Amino acid sequence: MYIAVVFLPLLGSIIAGLFGRVIGDRASQVVTCTGLGLSALCAALIFQTVAIDGHSVTVPLLTWIKSGGLDVSWALRFDTLTAVMLIVVTFVSFMVHVYSIGYMSHDHSIPRFMSYLSLFTFAMLMLVTADNLVQMFFGWEGVGVASYLLIGFWYHKPSACAAAIKAFVVNRVGDFGFALGIFGTFFLFGTVGFDDIFAAAPSKAQTIVHFFGCDVNAITIVSLLLFVGAMGKSAQLGLHTWLPDAMEGPTPVSALIHAATMVTAGVFMVSRMSPLFEQSETALAVVTIIGAATAFFAATVGCVQNDIKRVIAYSTCSQLGYMFFAIGVSAYPAAIFHLFTHAFFKALLFLGAGSVIHAMSDEQDIRKMGGIGKHIKVTCALMWIGSLALAGIPPFAGHYSKDAILSAAWASGSTSGHIAFFLGMGAAFMTAFYSWRLLILVFHGKPRADDHVMGHVHESPLVMIIPLLVLAVGAVLSGAVGHDMFVGEENHEFWRAAIAILPDHTALASVEHVPDWVEHGPLVLAVSGIALAYLLYVVFPAVPSFLATNLRGLYLFALNKWYFDELYDFLFVRPAFKIGRGFWQGGDGALIDGVGPDGVAAAAKDIGRRVALLQSGYLYHYAFAMLIGIVAIVSWYAFMAH
């Protein structure tokens with residue numbers, strides 16, 4: 001069971017990838033879906049055994065690396081944190097696999113797509129079951145490679161290829177920080193095994209190292225380097241630019257990347273390393289501020305996006321910010337709780353968006369939709385459920401986890417926690433606003449598409465609707481069902497030793513004592529955001545255009561994503577291309593090739609051309625040359641004799 005949950009998706013990926021042309025499209029879908037279904041069943045059994053019954057398990061497989069003091073075993077670690085992630089990853093991935101049967105039915109490379117999906121899931125499962133940092137890095141990089149393959153799946157589209165490369169390169173920046181963090185951890189602790197690191201962390205809390213000319217706390221440096229890796233994978237402010245472009249992949253890919261797998265890897269990794277982060281107040285403060293800034297930034301951008309998938313993508317970025325500032329105030333259970341609930345309603349929203357795109361003949365611009373709710377009533381209702389959960393309206397799942405995070409941020413009592421609270425409240429208002437802006441522009445009002453498109457609007461097939469219905473159940477119930485276990489009265493027994501929180505970090509324990517306005521503020525702001533969207537897009541539909549025209553600078557600032565892409569293009573991309581062209585044209589072309597192979601070839605060619613001029617074909621030319629030669633030889637002998 002413990003081995004099967006990880007390796008069944010890999011088996012399905014290998015069969016579909018290597019033998020897909022032999023067994024055909026349908027068999028490839030059956031093999032991969034069956035593998036994920038069985039893996040999800042194993043995950044449920046493991047959750048009962050490990051998280052509910054409290055029997056943590058480590059399954060040793062083999063010795064991977066043994067060199068000097070470095071001893072890396074390959075083992076599968078199953079504790080409560082892993083069990084929760086297994087449920088999220090396998091369950092959502094299984095729904096995505098099933099949904100893909102309908103969504104990708106007309107594609108010409110179905111076995112390849114299903115193989116990539118299963119490979120992606122396997123890499124994420126390897127990451128969450130890792131027993132040491134090097135093993136985690138294997139899964140970490142596996143997720144990166146699989147995301148590159150999936151985002152660029154439609155490689156005939158230049159935009160998809162560019163998005164895949166961008167995701168890969170931006171993540172390499174974060175991964176370099178993660179690798180340095182692993183090196184630093186081994187330098188500090190002499191091991192990369194989690195149990196040994198966690199046991200030694202308190203004794204290393206005051207260790208000072210000389211770093212870039214300064215004496216700094218060693219654990220702070222290591223924690224910040226690890227967090228850089230998390231920033232890349234989880235698209236935090238600064239390393240977030242790949243996330244919206246990842247929408248170039250098929251919609252099931254967007255759901256898998258943004259809901260349950262790749263973007264949650266950073267949240268999981270920092271939570272796994274909680275015994276380390278707890279020893280550094282500086283690192284926690286940095287995590288809090290970056291997370292809060294990301295939540296606010298992404299919400300502002302989501303308010304003005306017009307691509308249905310990009311609106312939901314920036315929503316993902318914003319919700320990840322919530323998870324990180326929860327971690328920053330030591331409310332790790334609240335962060336994982338939001339990760340858990342978010343997986344259901346965000347997968348529901350992305351797959352629902354795919355159903356809309358399917359109905360609208362591949363149209364993604366919400367300005368060209370409208371009035372389609374009466375034609376696709378099931379999809380409309382399910383998107384409403386996902387949006388209610390995202391906005392944090394009770395009794396839907398997002399209400400429980402988001403409120404727990406905001407209350408914990410206030411209850412932390414720290415300056416960074418209070419900053420995160422107010423930025424998070426602003427993001428909560430904007431989240432509700434852009435969610436209802438999307439719903440109104442897509443499903444309600446007058447149709448803005450042409451008659452040809454509207455004539456073909458239709459509900460998705462049952463194979464696409466069933467996963468949406470299942471995810472909708474999670475979006476409704478997961479918050480209420482999981483509240484007591486994750487952040488309520490039972491949380492200490494539930495988490496046991498999976499997460500470490502120092503006794504003086506009492507944010508989560510103090511949630512019950514926050515003022516009423518803190519407790520009820522998120523709901524008031526969410527309802528206000530919904531009301532504002534209704535006023536602007538139903539009652540006074542001319543106002544948004546008026547505001548965009550009269551506040552054009554602010555509008556363009558948000559529409560162009562705070563100009564991060566343009567800034568990076570100016571600071572990094574253009575100089576890199578300029579340097580590359582210089583090395584190519586001046587170094588490689590002019591110097592190396594010009595003097596080397598090309599230069600030698602050109603010289604030989606020139607000499608040959610000149611020698612060829614002597615071969616005229618006239619006898620008197622050759623006789624004259626012989627005469628000149630004889631004169632030269634006689635002259636040389638005469639000169640030497642003299």
Accessible area (Å², per residue) of segment 286-378, counting only protein heavy atoms and a probe of 1.4 Å: 17
I'd like the orientation of helix 4-23 relative to the chain: the angle between its Cα long axis and the longest Cα principal axis, in ° from 0 to 90, rounded to 10. 50
Hey, what do the phi angles of segment 157-174 turn into as Karplus ³J(HN,Hα) couplings, whole Hz, using 6.51/-1.76/1.60 and θ = phi - 60°, x for Gly and Pro? 9, x, 5, 5, 4, 5, 5, 5, 5, 4, 4, 5, 5, 4, 5, 5, 4, x
Per residue, what volume in Å³ does the convex hull of the Cα atoms of segment 555-622 enclose? 106
Taking only protein heavy atoms into account and a 1.4 Å probe, give the accessible area per residue of segment 76-178 in Å². 28
For segment 303-381, with all protein chains present and a 1.4 Å probe, just round the carbon and sulfur fraction of the accessible area to a whole percent. 49
In whole percent, what relative contact order does the chain give with Cα contacts below 8 Å and a gap of six or more residues? 12
Per-residue SASA entry for M114, accessible area with 1.4 Å probe, Å² rounded to 10: 0
What ranking do 245-255, 141-151, 158-168, 619-629 get when scored by the average of other Cβ atoms within 10 Å per residue, highest first? 245-255, 141-151, 158-168, 619-629
Pull up all non-local amide H partners of L76: gap of 5 or more, or a different chain, and H-to-H distance under 5 Å with H placed in the peptide plane. V59, L61
Give a residue-ordered list of calculated ³J(HN,Hα) values for segment 513-526 (Karplus: 6.51 cos²θ - 1.76 cosθ + 1.60, θ = phi - 60°; whole Hz; x for Gly, Pro). 9, 6, x, 4, 5, 6, 5, 9, x, x, 5, 4, 5, 5
Excluding ligands, DNA and RNA, the carbon-plus-sulfur percentage of the accessible area of segment 20-126 with a 1.4 Å probe reads 62
Too long for a 25 Å Cα-Cα cut-off, among K346/K446; K233/K309; K157/K377; K233/K402; K309/K402, are K346/K446; K157/K377
When the accessible area of segment 399-450 is split by element with a 1.4 Å probe, what percent falls to carbon and sulfur? 66
Contour excess over end-to-end distance, with Cα ends at D107 and R581 and 0.36 nm allotted per residue: 166.8 nm
What is the distance in Å between the Cα centroid of segment 85-107 and that of segment 239-269? 14
Taking every C-alpha to C-alpha distance in segment 187-260 and binning by 5 Å from 0, the per-bin percentages run 3, 13, 16, 16, 12, 12, 9, 10, 6, 2
Quick one: ranking R112, R496, R77, R552 by accessible area, 1.4 Å probe, largest first, what do you get? R552, R496, R112, R77
Rg followed by Dmax, in Å, when segment 129-258 is reduced to its Cα trace: 17.2, 55
Trypsin sites (Lys or Arg not before Pro), restricted to segment 325-417: which are DSSP loop and have at most 15 other Cβ atoms within 10 Å? K374
By the gyration tensor of its Cα atoms, with a ≥ b ≥ c the square roots of the eigenvalues, what is the shape of segment 19-108: rounded for a/c under 1.5, prolate for a/b over b/c, or oblate? oblate
With every protein chain left in place and a probe of 1.4 Å, what is the accessible surface of W154, to the nearest 10 Å²? 60
In whole angstrom, the spacing between the Cα centers of segment 1-19 and segment 595-617 equals 62
With x for Gly and Pro, the residue-by-residue ³J(HN,Hα) of segment 94-106, computed from phi through the Karplus equation 6.51 cos²θ - 1.76 cosθ + 1.60 at θ = phi - 60° and given in whole Hz, is 4, 4, 5, 4, 5, 4, 5, 4, x, 5, 9, 4, 9
accessible surface per residue for segment 413-476, probe 1.4 Å, DNA/RNA/ligands not counted, whole Å² -> 41
Within 13 Å, Cβ to Cβ, of T80, how many net charges do the neighbouring residues add up to if Lys/Arg are +1 and Asp/Glu are -1? -1
Once you order the gyration tensor axes a ≥ b ≥ c over the Cα atoms, which shape class does segment 511-588 get: rounded for a/c under 1.5, otherwise prolate or oblate by comparing a/b with b/c? oblate
Counting only other residues whose beta carbon sits under 13 Å from that of E490, what net charge do I get with K and R as +1, D and E as -1? -2
Row for the chain, column shape: gyration tensor on C-alpha, a ≥ b ≥ c, rounded if a/c < 1.5 i.e. under 1.5, prolate if a/b over b/c, else oblate; value prolate
Taking just the C-alpha trace of segment 458-497, give me its Rg and Dmax in Å. 15.7, 50
For segment 208-338, what is Rg from Cα atoms divided by 2.2 N^0.38 Å, rounded to two decimals? 1.10
For a quick protection proxy, order the peptides 211-221, 225-235, 457-467 by their average other-Cβ count within 10 Å, most packed first. 225-235, 457-467, 211-221
Test of the criteria: in segment 472-580, which GluC sites (Glu not before Pro) are in a DSSP loop and have at most 13 other Cβ atoms within 10 angstrom of their Cβ? E489, E490
S616 - accessible surface, heavy atoms, 1.4 Å probe, Å² rounded to 10: 50
Using a 10 Å cut-off on Cβ atoms, rank the peptides 470-480, 1-11, 266-276 from the highest mean neighbour count down. 266-276, 470-480, 1-11
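The values are calculated or read from the model by the stated rules, or taken from the named source; none is laboratory data. Bear in mind the structure is a predicted one, so any value in this text is a computation, not a measurement. FYI the Cβ positions are ideal-geometry reconstructions off the backbone, even for glycines, and counts take in every protein chain you see. In case anyone asks, the SASA skips ligands and DNA or RNA and just uses the protein heavy atoms, side chains included. Shrake-Rupley method; radii C 1.70, N 1.55, O 1.52, S 1.80 Å.
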